[in-house]
Amino acid sequence: MFTHVIRRTFIPCLIQRSLSIATTNSTLSSSPIRICIVGSGPAGFYLTQNLLKLSQTIPTTIDIIERAPVPFGLVRYGVAPDHPEVKNVMHTFTKIAEHENVRFIGNVHIGKTVGLKELQDFYHIVVLAYGSSVERSLNIPGEKTLANVFSAKDFVGWYNGVPENAELRPQLDRTDRAVIIGMGNVALDCARILLSSIDDLAKTDITDQALDILRQSRIRHVTLVGRRGPMQVSFTIKELRELTKLTGVKSRLNQEDFNRIDQNMIDKLERPRKRLTELLLKTVQAKHSKEKVAERFWYLKFWRRPKQFNGKTTVESIDFEHTQPVGNCNFSEENLPVQQNQTIETIPCGLVIKSIGYQGIQIDPWLPFDHERGVILNRQNRIDDRPGFYCAGWIGRGARGVIAETTTESHTIAKRIIDDIEQGRLVNLRDIKSGGDGLVSLAKSRQVRCISYEDWKKLDAHETNLGLSKGKPREKILNIQKMLELTAP
């Protein structure tokens, strides 16, 4: 998320060879292979799409299990509201969910409602694709004690309608300055939401609750701060270009930050980084242009690391220590090492958003997990010491990359699962499993009502109609209980 950039991607068929498995194979039962995917975001849906190729050869069912009552993960809750074209991927996901061999089971919290190990009773193969849901911490004074200091995860969740963030109340009417720590796509998403005109936002699926607070906003200056230089920014050209084109908004960049970048250095860059760097240079050179009348401004400040947040009860400023490259390192190196140079700078602000990356969590003690990296312990997506268990997406590789990497990875994981079936590495395939029927029955016995895709379509229709009545594509329901009521039989 999460922005994480999601684009409709054509998925070529990489698995060209036909499966050399017959139902008479000694490793297989005549009943279907039951596969379950935990997580209904892009990683889960694209993997489902690729695994459906398996069902063309042998009987297979795939269940997508989701903790929330609604599907689509960060497509619904992570993509910025002013990126409707990105959310169109939900049409593709809907076709996948409505496939005769696919079943969506929502409102089931694996690791709480149902133990991870219990899934073995119902499925031959389990794939964990539940993403990275915890934002990393700075661990500096004032981070947890001062008001108006938020993680990007919570801030994005607030304007995107995540139920657990519905009560967030950022005070945007008491300050004209915000600082965003981090220089990735999510950081630029947050900046764009703070700087965009209300009229433009009102046409999106941003929540009415967030829109009401943004209408009262006094924010006029948004500063994004990074500990490295302009050659190490993590945002992509699309997000930067959108920021440069906001109505009534202008950049204020420092030419000195870009003086070390020469044409020889640019020519050696890979094309995406080259185009991004050229746009940054074009933006800094255009800062004195009088063509654009601005009421609001954004800034990029490099070579600064946060040291502490200052204020009595609400954040009032941040102390940054200046950094510099270590030794004679390559200025354009992606992971350029930096060191502090003893200079301290205080930047005033009344709102802070921390956008410094995400990490996954261990949803069940039975799951082998690297707590330092926040990923499941795995080898080529096969979970350590857990035959038949796999992982996909950020929870397996770490919170990095865009949707193109997820789509490519889904092909690879599907191929590995199919190879494991073909080579007889999964010894339980002769066992008869009940799949989703058994899971739903277990959840019901524990007083949990599972949400089907047909149930979700009721909520989808309600949100869509509510949004259309307000001139918006959707008005999201923010309360879990209300969701369950609207999906009731």
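Kirkwood Rh, Cα Rg: Rg to Rh for the stretch 137-356? On the Cα set of the stretch 137-356, Rg over Rh gives 0.96.
By the rule of a C-alpha distance below 20 Å, with chain neighbours fewer than 8 residues away ignored, the lysines paired with residue 415 are 53. Cross-linked pairs 444/482; 250/312; 87/472; 153/268: Cα-Cα separations exceed 24 Å for 250/312; 153/268.
Estimated from helical segments only, the mean residue ellipticity of the chain at 222 nm is -8500 deg cm²/dmol, where each DSSP H run of four or more residues counts as -39500 (n - 2.57). Counting DSSP beta bridges in the stretch 137-356, what percent are antiparallel, to the nearest 5? So the antiparallel bridges in the stretch 137-356 amount to around 40 percent. Peptides 185-191, 149-155, ordered by how many other C-beta atoms sit within 10 Å of their residues on average, highest first, read 185-191, 149-155. In this simple spin-label approximation, residue 314 and residue 293 carry label points 7 Å from Cα along the Cα→Cβ vector, and these lie 3.0 nm apart. The stretch between residue 88 and residue 343 holds 87.1 nm of extra length on full extension. This uses 0.36 nm per residue minus the Cα-Cα distance. Peptides 169-176, 41-48 ranked from most to least packed by the mean count of surrounding Cβ atoms within 10 Å: 41-48, 169-176. Per residue, the accessible area of the stretch 137-356 comes to 47 Å², computed with a 1.4 Å probe over protein heavy atoms only. Each residue was assigned an accessible area with a 1.4 Å probe, and for residue 316 the value is about 100 Å².
Using C-alpha pairs under 8 Å with a sequence gap of at least 6, the mean separation divided by the residue count of the stretch 385-489 gives a relative contact order of 16 percent. Note on the chain: antiparallel DSSP beta bridges, both residues inside, total approximately 35 percent of the bridges counted. In this calculation the C-beta distance from residue 220 to residue 454 is compared with R0 = 51 Å, giving a FRET efficiency of 0.60.
Of all accessible surface on the stretch 137-356 at a 1.4 Å probe, what whole percent is carbon and sulfur?
Of the solvent-accessible surface of the stretch 137-356, carbon and sulfur hold 43 percent.
Cα-based values for the chain, radius of gyration first and Dmax second, are 24.1, 76 Å.
The values are calculated or read from the model by the stated rules, or taken from the named source; none is laboratory data. In this text the structure is predicted, and so the values were computed from the model without any measurement. Methodologically, a virtual Cβ is constructed for each residue, glycine included, from the backbone with ideal geometry; neighbour enumeration extends over all protein chains shown. Heads up: the accessible areas ignore ligands, DNA and RNA and are worked out on the full protein's heavy atoms, side chains in. Shrake-Rupley method; radii C 1.70, N 1.55, O 1.52, S 1.80 Å.
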